[in-house]
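We did not get these values from a lab; they are worked out from the coordinates using the rules stated. Note that the coordinates shown come from a computational prediction; the quantities given were computed from them, not determined experimentally. Cβ placement follows ideal geometry from the backbone for every residue including glycine, while neighbour counts extend to all protein chains displayed.
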Amino acid sequence: MKEIKRLKGINDILPGEAVAWQFIEDNARTIFEHYGYEQIRLPLIEYLDLFTRSIGETADIVQKEMYRFTDRAGRVIALRPEATAGVVRAYIENDLKREGLKKLYYSGAMFRGENPQAGRYRQFHQIGVEAIGSSSPYLDCEIIVMLDNFLQKNTLTNYEIILNNVGCLQDREKFSKHLKQILNPQIDLLCIDCRVRLTKNPLRIFDCKNAPCKKLLQNLPKISENICPDCAAHFTTVTKLLTDLNIRYIIDHNLVRGLDYYTKTVFEITHKELSAQNAICAGGRYDNLIAELGGTATGACGFALGVERLIIALKNTGFGKLTYNYPKVYIATLGDQTVNEGFNIWHALHQETISTTINYEGKSLKAKLRLANKQNALLVIILGENEMSAGTVMVKDMHTKSQDVVARENLVSYIKDRLNIPPICRSTGG
Ligand code: HAM
């Protein structure tokens, strides 16, 4: 029968790799909760409108990349391409504003039908935070400091924090008109996509990766130099706070971001280990989105980090040495007659919370010891038919290679001694 393969751009995360994911996810939980962020778990599918209204009709994600379908009842649904829109939807729908400034974090799969390449997949994973309910520039700074702390906890070095100010809606409207006036006479020099962008959302031209458009951009005015005093003051405070905290950043006047909901501060984290797809993480402030999706207007800021990209960036650090947390004890049964007794031992050890695994299959002792070694077992309990009839087992220390014969009734306490596990205090029920 023909083998069924995985879809293009959609990866399996195998056990050997999952250990890195666990490390990053554990760090996210530790760091974000340390700063008072609470976890939110959201659906993978939403009404398509949620994304068209928030990310913007003209954004590539909405135009070209979203997985959309109509269900049997005729509802138009999309697989989430990002999580900010879903978090805001949940914030409004569940009236989380009652609780004041709400600080949330999430992790999970996102879907974009992009052309797959290294660091760019169709199913990928983000870890992100969204803080909703404050317009303070201190919040922007808090989020960048926390992100910096998180990246360091993951042992990442040599990353760059890139910032820009995209102003408010009015600033962008004014600047878009200005851009149209400048670029309309030169429209033939733009790529096909940018010609459309020029009519629908000229700011997005700054995102274009095509050489002719990039060249043209060099001489264009920048949004950050054309914003109102309020937005300018906000950004000045953010950068001053970061400078005071010795957080190193670069300002890139061309950074505009591909999603429409941003206002004022936008940022990206880039790393040289990633080639074309060099953003590990991106985010910013989105002060209009809550009202645009039907909530009470309030300020918000957040970011999302691409886990696959962080892992690529970490590959050249000590990260590769992480190992899976395998059980300390490995039970090797030898022959069908010993399986049941091996199983009883396995159960007895687990009742004492000793992490243990067992292999029931008819492999040789040598093969089982090799597997135990691969899984970093400290002790292997060997149970052959001779041991069975003598009421004993053999315990092999995988470091010293020494072996002890242990009476079956003393086995649990022997293992606990060897692993330095203190006895469990059980209530006598009296
Ligand atoms: P984004 O820039 O679209 O922003 O994505 C954030 C990060 O997700 C990127 O920097 C990248 O690391 C990762 N990423 C995006 N697309 C892919 C892909 N196809 N394959 C692998 N990784 C990918 C957002 O999603 C916003 N929701 C961020 C945000 C949160 N802004 C405010 N709050």
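With a cut-off of 12 Å between beta carbons, the residues surrounding Val339 carry a summed charge of -4, where Lys and Arg count +1 and Asp and Glu -1.
If you take the square roots of the eigenvalues of the alpha-carbon gyration tensor of segment 313-422 and sort them as a ≥ b ≥ c, do you get rounded (a/c under 1.5), prolate (a/b over b/c) or oblate?
Prolate.
If you take the square roots of the eigenvalues of the alpha-carbon gyration tensor of segment 1-113 and sort them as a ≥ b ≥ c, do you get rounded (a/c under 1.5), prolate (a/b over b/c) or oblate?
The shape class here is oblate.
With a Förster radius of 30 Å applied to the beta-carbon distance between Ala118 and Ser402, the computed FRET efficiency rounds to 0.05. Computed on segment 3-134, with alpha-carbon pairs under 8 angstrom and 6+ residues apart, the relative contact order is 28 percent. Between Lys153 and Phe69, residue separation times 0.36 nm minus the direct Cα-Cα distance comes to 26.3 nm. Using 32 Å as the Cα-Cα cut-off, could you pick out the over-long pairs in Lys97/Lys222; Lys153/Lys374; Lys5/Lys153; Lys153/Lys401? Exceeds cut-off: Lys97/Lys222; Lys5/Lys153; Lys153/Lys401. The GluC sites (Glu not before Pro) of segment 282-352 that meet both conditions, a loop assignment by DSSP and at most 15 other Cβ atoms within 10 Å of the site Cβ, are Glu352. Normalising the average separation of contacting C-alpha pairs (under 8 angstrom, six or more residues apart) by the number of residues puts the relative contact order of segment 20-88 at 32 percent. Applying the Karplus relation 6.51 cos²θ - 1.76 cosθ + 1.60 with θ = phi - 60° to segment 78-83 yields 3J(HN,Hα) values of 10, 6, 5, x, 6, 10 Hz, where x marks Gly and Pro.
The mean sequence distance of close C-alpha pairs (under 8 Å, at least 6 residues apart), as a share of the length of segment 372-420, puts its relative contact order at 27 percent. Whole-Hz Karplus values for segment 260-271 come out as 6, 7, 6, 9, 6, 5, 10, 8, 9, 10, 10, 8 Hz, taken residue by residue from phi with 6.51 cos²θ - 1.76 cosθ + 1.60 and θ = phi - 60°; glycine and proline positions read x.
Ignoring the sites themselves, the chain has its longest run without trypsin sites (Lys or Arg not before Pro) in a DSSP loop having at most 16 other Cβ atoms within 10 Å at 76-208.
Other residues whose C-beta falls under 13 angstrom from the C-beta of Phe150 contribute a net charge of -3, scoring Lys and Arg +1 and Asp and Glu -1. Taking a span of 20 Å or more along the helix axis (Cα atoms) and a mean Kyte-Doolittle hydropathy of at least -0.5 as the rule, the DSSP H helices of the chain that qualify are 15-34, 137-153, 229-244. Summing +1 for each Lys or Arg and -1 for each Asp or Glu among the other residues whose beta-carbon sits under 10 angstrom from that of Glu38 gives 0.
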